[in-house]
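Readers should treat all values here as calculations from the given coordinates under stated rules, not as data from a laboratory. Being a predicted model, the structure only gives us computed values, none of them experimental. Heads up, the Cβs are rebuilt from the backbone with ideal geometry, glycines too, and the neighbour counts pull from every protein chain shown.
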Amino acid sequence: MNSAVQSVRPALSVVIPCFNEARGLAELHARLAKVLHPGFGDIEIIFVNDGSTDDTRDVIESLAQSDDRIGRIDLSRNFGKEAALSAGMDHARGDAVIFMDADLQDPPECIPAMVGAWRDGYDVVAMKRVARTADSLLRRSLASFFYSTLSSLSDVQIPVDVGDFRLLSRRALDAVKALPERNRYTKGLFAWVGFRTIEVDYARPGRHTGTSKWPLLKLIKLAVDGITSFSIAPLRLASITGLAIALFSLAYGSFILLRTLLLGDSVAGFPSLFIMIAFLGGAQLMAIGLLGEYVGRLLVESKQRPIYLVDEARLPIIHTNLISRSSDAVRRHSAKA
Ligand code: UDP
Ligand code: MG
């Protein structure tokens, strides 16, 4: 590529949500620095400190002293990974934005391939884990059960074994940012916006330091979030089950009525009565609970609260002139050159 093309190379943002990750950040930065070479154009690395209680903030700050591509966004408290990602999206200025975990489970060494695919014209480069050996068997089977349930229920195809580790082009990112919902199940939102998407395989290693911040309960919450924000199939299931039970009761009722009329049978059905009442009560409660999940979501949306609050944001200075804030069209052009 010639130098004219070089000068229109767009900036790349790397967004990293961090919650109590102080111990691993230096290693992460070292490995990032190795792969983020100037050939990618201007680069910013945005660490979103999601209300960490350890010294994550100071570690980011000292990294920023040594590397002027580093930016830091401190949220006012712990809002959760999805919110931290939203904060990163809103602050990232790159023409392509990469989201990755801070714990080195998303290897920085994948970045050149991601940028390569983007330069080939893909808007979304989704990294697909081929080996989840690092996670326990229970976790893996739960995850695969959840993903397959979700994709069979959901109206949009949410890819299996693809997490938040991905690259988005500016226009795909703007589309995701334009989605107003507060319940941000990012994997679903990323899939919902569409655009030219490619999946790239990678082996997901274990956590570098610390432990996962996703205890089982939180994972279940994420699963419920994912399903309820992308599908109303459970509601439909509730009504279908209700209908089936009603039809069955009607048939069974007619049968008993006929039997009583023809054989003059006396009261003997206490157990069946009890079972019916208990079963119906349970089914109704479950359906109401389900309805509640959706109503609750409406409540959260209707409050229009911000997804996150920023305590302090320091973004690196981008040195490039205006021309490098190139559009996707320019990008395609430079990719061909
Ligand atoms: N994370 C965050 N806020 C949270 C929980 C997690 O920003 O409330 C970040 C965390 O620092 C990491 C990423 O989200 O960079 C993924 O978290 P973790 O490794 O705990 O999840 P797992 O890999 O087990 O799914
Ligand atoms: Mg992890």
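For this structure, a couple of remarks:
- Exceedance of the 29 Å cut-off in Cα-Cα distance is limited, within the set 81/128; 128/303; 34/221, to 128/303; 34/221.
- Placing unit charges on the Cβ atoms of the charged side chains and taking the dipole of region 60-105 about its Cα centre, the candidate lying farthest along the positive direction among 104, 91, 79 is 79.
- A Stokes-Einstein calculation at 20 °C with viscosity 1.002 mPa s, built on the Kirkwood radius of region 76-186 over Cα pairs, returns a diffusion coefficient of 138 µm²/s.
- The overall shape of region 223-295, judged from the alpha-carbon gyration tensor, is prolate: a/c is not under 1.5, and a/b is greater than b/c.
- As a ratio to 2.2 N^0.38 Å, the alpha-carbon radius of gyration for region 14-149 is 1.09.
- Among residues other than residue 26 with Cβ under 15 Å from its Cβ, the summed charge is -3 (Lys and Arg +1, Asp and Glu -1).
- Taking the Kirkwood radius as Rh and the Cα radius of gyration as Rg, region 61-121 has a ratio of Rg/Rh equal to 0.98.
- With θ taken as phi - 60° and the Karplus curve 6.51 cos²θ - 1.76 cosθ + 1.60 applied, the whole-hertz 3J(HN,Hα) list for region 76-92 is 6, 6, 7, 9, x, 4, 4, 5, 4, 4, 4, 4, x, 4, 5, 9, 5 Hz, x standing for glycine and proline.
- Spatial offset of region 14-73 relative to region 224-252 amounts to 47 Å, using the alpha carbon center of each.
- Neighbour net charge for residue 228 - beta-carbon separation under 9 angstrom, K R +1, D E -1: -1
- Dividing the radius of gyration of the alpha carbons in region 137-199 by their Kirkwood radius gives 0.99 for Rg/Rh.
- Scanning residues 5 or more positions from residue 54 or on other chains, those with amide H under 5 Å from its amide H are 20, with H placed 1.01 Å from N in the peptide plane.
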